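Enquirer: To start, I am sharing the structure in question, which I have written as C-alpha cells.
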2 protein chains.
Amino acid sequence: MESTATRMLDSAEKLVQTMGFNWFSYADIAQELGVRKASLHHHFTTKGDLGLALIERYIRQFQRALEEIDARQVDAAAKLAHYAKLYEDVLRGKRLCLCGMLAAEYGSLPEPMQAGIRRFFDFNEAWLAQIVTQGRRSGEFHLQGSARDVARMLMSSLEGSLLVARPYDDVERFAASASQIIASLRTPTLRERTRSKPSKGKRRSRA
Amino acid sequence: MESTATRMLDSAEKLVQTMGFNWFSYADIAQELGVRKASLHHHFTTKGDLGLALIERYIRQFQRALEEIDARQVDAAAKLAHYAKLYEDVLRGKRLCLCGMLAAEYGSLPEPMQAGIRRFFDFNEAWLAQIVTQGRRSGEFHLQGSARDVARMLMSSLEGSLLVARPYDDVERFAASASQIIASLRTPTLRERTRSKPSKGKRRSRA
DNA sequence: GTCTATAGGCAGATAGAC
DNA sequence: GTCTATCTGCCTATAGAC
C-alpha cells in the first residue's frame, strides 16, 4: 500500500512532467487524490519543498535504473542503448524528463530546486562519462573530445530529443534521433573501414 | 522609434525565454514599460494572443537570420557553424530558445501556440535538411540516415544543449556540445582514416 | 494526518471615461 | 491608446478543530 506522501509525489510528478512546475497548483493534486489542499501542505509545507522532494526522488530512481543497467549489460554500446530507452519510456508516458522540464523553468525556481537540477545533470554526466571511457577502451566507441564532453553532449542531445519529439507525440522521432546520436560514437563499420587506407595505424592518445 | 506593441513583445519575449510562459503575468510587463495592464490587453487581448504573436515574430526573425546565413556562407559546414552560433547568442543573453522553452510548457498552452511551436521546428528542420543534403553532396558531411532525420537530430541536440547549459550559466559548455555534434557529421579526416583496421571486423547490425 | 475556514494577494480579463 | 476601477477566481499558505 502506497503512503499518502508517495501518492502526492506521483501526482505532482506527472503534472510537472506534462505541464510544468509553474502551471499546476496544490488544488490539482488535491482533487486527483480526493484530499484537501491543507493535507498537502502538511506533507510538503511549501511548493518549493514539494519540488525538491520530487527532484530528490527522481535522482534516486535514476540511480537505481543506472545500477540496473550496469548490472545487466556488459557492452558500453548496450548500456548506452538502455540509457536512451530510459528516456524513451518517459516520452511514451507523454512526459518530459522531470529535470529537463525544470531546467527550462530554472530561472523561476527556488535555489534548492536549482541545485537539485544540477545534481541530476552532474550525476548523469558522471555515469555517461564512465560508459564513454569504457567504450573507448573496448574499441566500441570512436570519438574525439574528453569523456566528460562526450557525456555532456549525449545527455543534452537526449534531453533535447525528448523536448522536440513531444509536441509531435511521436516516439519514433525520438528513437531516430537517439540512435543517430549513439551511432555517431560507434567505430566506423566494416563498410566504412574498407574505404579507409590500411597502413600502420597507431593508437591515438586521447583526442 | 519603437512602437508600444514592439516594446511589449520585447519585454514578454525576455520573460518567456528566462522564466517561462506560465510564470510571468501582464503585471510584470506593465511595470517594466510603465504602463497599465489594460493597455497590454488592448494590444494583445488574451495571454494566448500575446504568446502566438511572440512565436510568429520569432519565426520571422529566425527566417531572416537563416536567409542571411545562406547569403553569406558557402560551405555547408560553415552554414551549420553559424546556425549553432545563433543558439549560442541566445544563451549568451541567459535565455533559452523561445520555442524550446514553449516546447517544455507545450501541454499547458492554447492550441494556436502549440501549432506555432511545431511550425518553428518544422521550418528549422527543413532548412537544416537542405544544409545536410548540400554537405553530403559536397562531401563535407559523412552520415547515415535521411537528411530529415539528421536535421531533426541536429535541431534537437542544439535545443537540448541550450537547456542543459543554462543552469550552469556556461556558454562554453554549449559550444563544446555543439561542436561535438557538428563534428560527428564531418567526413573522417585522413588521420582518422589511417587509424582504422583494414580487416574482417564483423559488422554488427544497427544498434 | 486530515479536515474547515480563511487570510491576503495576484491572476487574466473587461467596462467605460478621457 | 491609455487610463481607473473592478470583477471573479485561483493561488500559496496558515490556524486550529477533530
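Enquirer: With unit charges on the beta carbons (Lys and Arg positive, Asp and Glu negative) and the dipole taken about the Cα centre of the range B:54-189, which residue among B:S138, B:L163, B:I117 sits farthest to the positive side?
Expert: Checking the options against the dipole of the range B:54-189, the answer is B:S138.
Enquirer: Which net charge results for the neighbourhood of A:Q134, defined as the other residues with beta-carbon distances under 13 angstrom from its beta-carbon, given Lys and Arg at +1 and Asp and Glu at -1?
Expert: 0
Enquirer: Let me ask something additional. Under the Kirkwood approximation for Rh and a Cα-based Rg, what ratio Rg/Rh is obtained for chain B?
Expert: Dividing the radius of gyration by the Kirkwood radius yields 1.07.
Enquirer: Also: I need the inter-copy label distances for B:D49: point set 7 Å along Cα to C-beta, values in nm with one decimal, smallest first.
Expert: 4.2
Enquirer: Sequence gap at least 6, Cα distance under 8 Å: using those rules, report the relative contact order of chain B to the nearest whole percent. Mind dumping the intermediate values first?
Expert: Values: 162 pairs, mean separation 43.8, N = 207.
Value for chain B: 21 percent.
Enquirer: On full extension of the chain, what length is gained from A:D49 through A:S3, given 0.36 nm per residue of separation minus the C-alpha to C-alpha distance?
Expert: Details: separation 46, 0.36 × 46 = 16.56 nm, distance 1.76 nm.
Residue separation times 0.36 nm, minus the Cα-Cα distance, leaves 14.8 nm.
Enquirer: Let me ask another. For the protein assembly as shown, with only Lys/Arg (+1) and Asp/Glu (-1) charged at the beta-carbon, what is the dipole magnitude about the Cα centre, in debye rounded to 20? Mind showing how you got there, number by number?
Expert: Values: 64 positive and 48 negative charges, 528 e Å.
Dipole magnitude for the protein assembly as shown comes out near 2540 debye.
Enquirer: Next question. Hey, what number do you get for chain A at 222 nm if only DSSP H runs of n ≥ 4 count, each worth -39500 (n - 2.57), divided across all residues, to the nearest 500?
Expert: After summing the helix terms and dividing by residue count, I get -23000 deg cm²/dmol.
Enquirer: Next question, about the same structure. Pull out a ≥ b ≥ c, the square roots of the eigenvalues of the alpha-carbon gyration tensor of the protein assembly as shown, then state rounded if a/c is under 1.5, prolate if not and a/b is larger than b/c, and oblate in the remaining case.
Expert: Oblate, because a/c is 1.5 or more while a/b does not exceed b/c.
Enquirer: Which net charge results for the neighbourhood of A:Q63, defined as the other residues with beta-carbon distances under 14 angstrom from its beta-carbon, given Lys and Arg at +1 and Asp and Glu at -1?
Expert: In short, -2.
Enquirer: Hey, for A:K94 with labels 7 Å out along Cα-Cβ, what do the inter-copy distances come to in nm, ordered shortest first?
Expert: Distances between equivalent label points, in nm: 3.6.
Enquirer: For chain A, modelled as a Gaussian network with Cα springs under 10 Å, which listed residue fluctuates most, A:V16, A:V132, A:V164?
Expert: Residue with maximal mean-square fluctuation among A:V16, A:V132, A:V164: A:V164.
Enquirer: Using a 7 Å offset from the Cα along the Cα-to-Cβ direction at both B:D10 and B:A65, what is the distance between the two label points in nm, to one decimal?
Expert: For B:D10 paired with B:A65, the spin-label model returns 1.7 nm.
Every number in this text was worked out from the coordinates using simple rules, so none of it is lab data. Note that the structure is predicted; figures quoted are calculated from it, not measured. Cβ sites come from the backbone with ideal geometry, for glycine too, and all protein chains shown count toward neighbours.
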